[in-house]
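Notes to accompany the following structure.
The values are calculated or read from the model by the stated rules, or taken from the named source; none is laboratory data. Computed from a predicted model, the values in this text were never measured in an experiment. FYI the Cβ positions are ideal-geometry reconstructions off the backbone, even for glycines, and counts take in every protein chain you see. Please note that ligands, DNA and RNA were not included when accessible areas were found on the heavy atoms of the full protein model with its side chains. Shrake-Rupley method; radii C 1.70, N 1.55, O 1.52, S 1.80 Å.
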Amino acid sequence: MIRVKWVAILFAMAMAFCGVGARAQQTGKPVKLEVDLREAARRVYHSKMEFPVTPGALTLVYPKWIPGEHSPSGPIVDVTGVKLFANGKEVIWRRNTVDMYAFECEVPAGAETLEATLDYLLPVESGTAGVPSASAQLAELPWNLVVLYPKEAKSDDVKFSAKLRIPAGWKFATALPVTKESSDGIEFETVSLTTLVDSPVLTGEHMNTYDLSPGQRPAHRLNTAADSSAMAEATPEEITALRQLVAETGVLFGARHYRHYDFLLALTDHLQPNGLEHHESSDNRVPERTLHDADILETQMDLLPHEFFHSWNGKYRRPAGLATPNYREPMRDELLWVYEGLTQYYGVILAARSGFWKPEGLREYLAATFATLNDRPGRTWRDLEDTAIAAQLLYGARTAGTSWRRPVDYYEESELIWLDVDTLIREKTNGKKSLDDFCRAFHGGEGSEPKVIPYSLDDVVATLHGIAPHDWKTFFQERVRGHGPGAPLNGLERSGWKITYSTVMNEHQKAVEEAEHVVDAEFSLGFSAHYPGGDNADEIADVVVGSPASKAGLAAGMKMVAVNGRKWTPDILREAIRAAKSKKEPIELLVENDDFFQTVKIDFHEGERYPHLEAIGGKTDVLGAIAKAKAPPVK
Ligand SMILES: [Zn+2]
């Protein structure tokens, strides 16, 4: 998964489980599954399952811990219309009183099959009940939304034969092999529940498919679906960059662990921007204009490289605590700074190697990211490892309070940690080895079909030691369990760069502002606020604890009304910050707090401050070398 910056993902959280010792019913036959998406635009998916059973107690469960979401986020609250039938009669079920995901029943004598129906109601906006998966023009089907399975079964062992109906005139794409396609529906190869859940379907009226490795095996495709046909078209430059990305991963790993790879890209403003990794595909959701708006694209630059990298790091190699046998066993998230963190680092680096980012663009992104981390007061009480252990809580956290709570920092801060590792390996081996050698050793090997090889931190440390001997265990402990002050910037310095501040706006920050309508005064006054008009209008998004704004009494959730007596706009705020440089008077913000107005006086006279990277004199540009393409340019 990739981190979403401004819009909090709120997952339904259900508590605990235990369960009566119900017998799993598996006779070796597959579960027949029929899913109907013809009412996707009305935000309902219909599902019918036929389980091979033997008489006796049976518990069917709904997937709870969703791979890649690292959380008990299965949206059980919107599972409706649950009915069971056997021998032509309805079978009464009762929910387990502790495990909300478990439906218990008694299969009657003589029954060989049990039919189950359910309707999944899709939310139209993110909230307490999961995230939207359909717009009026397209739909994503993560199969875990519409299936039940026998409680004791391992997801590798239980097989599903799925059939899907989609709205008339809609196209579809998925990594799941199709066996038959007719006006009656699409039939898929019988696969394990693991593979089914790992192979979502993207469907929509306006879809395009692009070949990303023409004439080569395995095949790589970009499948787009958008709310309008023009926005489903990728530009030639974007296709070239994605072809280069495929080539770069070939050079990096030397092996692939999939039969083919499908990027599924939903372009709509009605889904939550996100990416979810799978072995042979990825479920990517971005704003509708992403492929045709430079500012929006800048905010999504590393999305596809990130999710693609996960096929090796996260899917093929996975921390043992995340390689669970089904969707009931809780995941242990403490190594997410490797699973997500290394992916985050390479997502960014591969975006640069593929040509999405030019060297200056990459540096502006890194400056904005690293400066934010360096200023984040939450590290004084919460270490980075705790942001991983508590991921199942933090994915649902709201934006307000971010600087003090610390969000899922194992994404961005791991860019620093793995840059540190990369530059240290290069230094210790006089440039002969790099983190790329680790990836080839750890994630490469023999090409294969999808499979999972679990690992521990000791395995990571041992592989690194084989490339460049060092006390890597202590190295990581200092970084993931440290409390600052400041972010671990050693790798940045070793890469030849340091953070500096100027009055010139950072280009990445500027693009994010334009795309997301949030004014960022974090490095001067110490807060960010939603633009007037639009979503969350005028609201203070977050205030950095200890900043001038925080000391003056500003808090997240208040609404900006005026700056120095004039109705506020982002430009008026910026002008006030500039003007205060030559004045003694504080900047006065008129804010609304519930039904009351108050003036917040911020005594700040240093002017606008925006972060950039500056070359350290006399040092080699190692960052530039890391970000340079390693594969020959694709044609
Ligand atoms: Zn991820």
Of all residues making up the range 381-411, the number that are in contact with a Pro (Cβ under 8 Å, 6 or more places away or on another chain) and either open to solvent by 20 Å² or more (accessible area, probe 1.4 Å) or farther than 21 Å from Glu307 by Cα (or both) = 4
Of the conditions (1) more than 18 Å from the chain's Cα centre (by Cα); (2) buried (at least 19 other Cβ atoms within 10 Å of the Cβ), the single one that Lys358 does not satisfy is (2)
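Yes/no per residue for (1) within 16 Å of the ligand (Cβ to nearest atom); (2) without any contact (Cβ under 8 Å) to a residue 60 or more places away in the chain; (3) closer than 17 Å to Tyr411 by Cα:
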| residue | (1), (2), (3) |
| --- | --- |
| His310 | yes, no, yes |
| Asn313 | yes, no, yes |
| Thr324 | no, no, no |
| Tyr327 | no, no, no |
| Leu336 | yes, no, yes |
| Tyr346 | yes, no, yes |
| Pro359 | no, no, no |
| Ala368 | no, no, yes |
| Thr387 | yes, yes, yes |
Quick one: Arg566 ticks every box in (1) without any contact (Cβ under 8 Å) to a residue 12 or more places away in the chain; (2) within 30 Å of Leu424 (Cβ to Cβ) bar one, so which box is it?
-> (2)
Does Gly110 fit the bill of being in a loop (DSSP other than H, G, I, E, B), touching a residue at least 40 places away in the same chain (Cβ under 8 Å), closer than 30 Å to Met1 by Cα and not polar (S, T, N, Q)?
-> no
For the range 555-602, enumerate the residues that are of a type in the set (Lys, Arg) and farther than 19 Å from Ala400 by Cα.
-> Arg566, Lys567, Arg574, Arg578, Lys581, Lys583, Lys584, Lys601
Being among the β-branched types (Val, Ile, Thr) and crowded, with 17+ Cβ neighbours inside 10 Å narrows Ile572, Ile540 down to just Ile540
When only residues in the range 343-355 that are crowded, with 24+ Cβ neighbours inside 10 Å and of a type in the set (Gly, Ala, Ser) count, which is nearest to Thr500 (Cα to Cα)?
-> Ala352
Output yes when any residue across the range 229-244 is without any contact (Cβ under 8 Å) to a residue 40 or more places away in the chain and assigned to a strand (DSSP E or B), and no when none is.
-> no
Restricting attention to the range 48-72, the residues that are part of a strand (DSSP E or B), under 23 Å from His279 (Cβ atoms) and touching a Ser or Thr at 6+ places or on another chain (Cβ under 8 Å) number exactly 1
Quick one: would you say Pro633 is assigned to a loop (DSSP other than H, G, I, E, B) and within 29 Å of the chain's Cα centre (by Cα)?
-> yes
Which members of the range 291-303 meet the condition of being part of a helix (DSSP H, G or I) and either more than 16 Å from the ligand (Cβ to nearest atom) or open to solvent by 20 Å² or more (accessible area, probe 1.4 Å) (or both)?
-> Leu291, His292, Ala294, Asp295, Ile296, Leu297, Glu298, Thr299
Determine whether Thr402 is farther than 30 Å from Val251 by Cβ, of a type outside the set (Phe, Trp, Tyr) and in contact with a strand residue (DSSP E or B) (Cβ under 6 Å, 6 or more places away or on another chain).
-> yes
For the range 579-617, the count of residues that are under 14 Å from Ala549 (Cα atoms), among the acidic types (Asp, Glu) and either over 37 Å from the mean Cα position of the chain (by Cα) or in a strand (DSSP E or B) (or both) equals 2
Report yes if Ser414 is buried (at least 22 other Cβ atoms within 10 Å of the Cβ) and in contact with a strand residue (DSSP E or B) (Cβ under 9 Å, 6 or more places away or on another chain), otherwise no.
-> no
What's the number of the condition Lys433 fails, among (1) touching a helix residue (DSSP H, G or I) at 6+ places or on another chain (Cβ under 6 Å); (2) open to solvent by 10 Å² or more (accessible area, probe 1.4 Å); (3) in a helix (DSSP H, G or I)?
-> (3)
Which condition number does Thr620 fail, the rest of (1) in a loop (DSSP other than H, G, I, E, B); (2) within 23 Å of Ala368 (Cβ to Cβ); (3) open to solvent by 70 Å² or more (accessible area, probe 1.4 Å) being met?
-> (2)
Assuming Asn506 fulfils every condition listed in (1) open to solvent by 10 Å² or more (accessible area, probe 1.4 Å); (2) in contact with a Pro (Cβ under 8 Å, 6 or more places away or on another chain); (3) not basic (Lys, Arg) apart from one, which condition is it?
-> (1)
